[in-house]
Amino acid sequence: MKSTVTRQATLADLDALVELMDGYRQFYGQTSDPVAARRFLLDRFNHGESVIFLASQDGIPVGFTQLYPSFSSVSLARIFVLNDLYVNEQGRRNGVGRALISAAIEFAKTVGAVRLTLSTAVTNLSAQSLYSDMGWVKEDDFYFYRWATTA
């Protein structure tokens, strides 16, 4: 297994993140659009709207995870939504996903968040297996709903 280095991404990592974000979007059936991915990521950095961790192996970026800050009114505390987790083909089956999740968990603990939440596609069995193996609990008490706007 290759050695994986994870760290919080900075604006200097934008080019690597654009390539990974574009691959992530294609994984979920979207058309490649690196220009839009760059604009989206740049907005997150410029407005301080997310925390991104980048994973590299042998100095080559192979994955990322993106956390969005939120709050729980019931808990009266900070939480994070682990919204994106992606490892490219080169980094898969080498512990990269586990390393990124571990970095997100440590970050959340460091800033005093009471929990992380995530969702994944019902068909993404490998991700579900990883989350379970790492101690994530599948939520059965709540339903997930969404409302799509025309924007």
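For segment 128-148, how many residues are surrounded by 10 or more Cβ atoms within 10 Å (Cβ to Cβ) and modelled with pLDDT under 90?
The number of residues fulfilling the criteria is 1.
For segment 1-24, enumerate the residues that are open to solvent by 70 Å² or more (accessible area, probe 1.4 Å), among the charged types (D, E, K, R) and modelled with pLDDT of 95 or more.
Across segment 1-24, the qualifying residues are ARG7, ASP15, GLU19.
Can you tell me which residues in segment 64-97 are of a type in the set (Gly, Ala, Ser), in contact with a Ser or Thr (Cβ under 7 Å, 6 or more places away or on another chain) and in a strand (DSSP E or B)?
Filtering segment 64-97 down to residues of a type in the set (Gly, Ala, Ser) leaves 70, 72-73, 75, 77, 91, 95, 97.
Then drop every residue that is not in contact with a Ser or Thr (Cβ under 7 Å, 6 or more places away or on another chain), which leaves 95.
Within segment 64-97, none qualify.
I'm told GLU49 meets every condition in (1) in contact (Cβ under 8 Å) with a residue 40 or more places away in the chain; (2) open to solvent by 70 Å² or more (accessible area, probe 1.4 Å); (3) in contact with an Asp or Glu (Cβ under 8 Å, 6 or more places away or on another chain); (4) not β-branched (Val, Ile, Thr) except one. Can you identify the failing condition by its number?
(1)
Filter segment 98-127 down to the residues that are open to solvent by less than 30 Å² (accessible area, probe 1.4 Å), part of a helix (DSSP H, G or I) and at pLDDT 95 or above and list them by number.
ALA99, LEU100, ILE101, ALA103, ALA104, ALA108
What number of residues in segment 45-92 are over 13 Å from the mean Cα position of the chain (by Cα) and closer than 19 Å to LEU116 by Cα?
Selection size over segment 45-92: 12.
If I go through segment 60-97 residue by residue, how many of them are touching a residue at least 12 places away in the same chain (Cβ under 8 Å), open to solvent by 60 Å² or more (accessible area, probe 1.4 Å), of a type in the set (S, T, N, Q) and within 24 Å of PHE144 (Cα to Cα)?
The qualifying residues number 1.
The values are calculated or read from the model by the stated rules, or taken from the named source; none is laboratory data. From a predicted model like this one, the values you see are computed outputs, not experimental measurements. Neighbour counts run over all protein chains shown; Cβ positions are idealised from the backbone, glycine included. All accessible areas refer to the heavy atoms of the entire protein, side chains included, with ligands and DNA or RNA removed. Shrake-Rupley method; radii C 1.70, N 1.55, O 1.52, S 1.80 Å.
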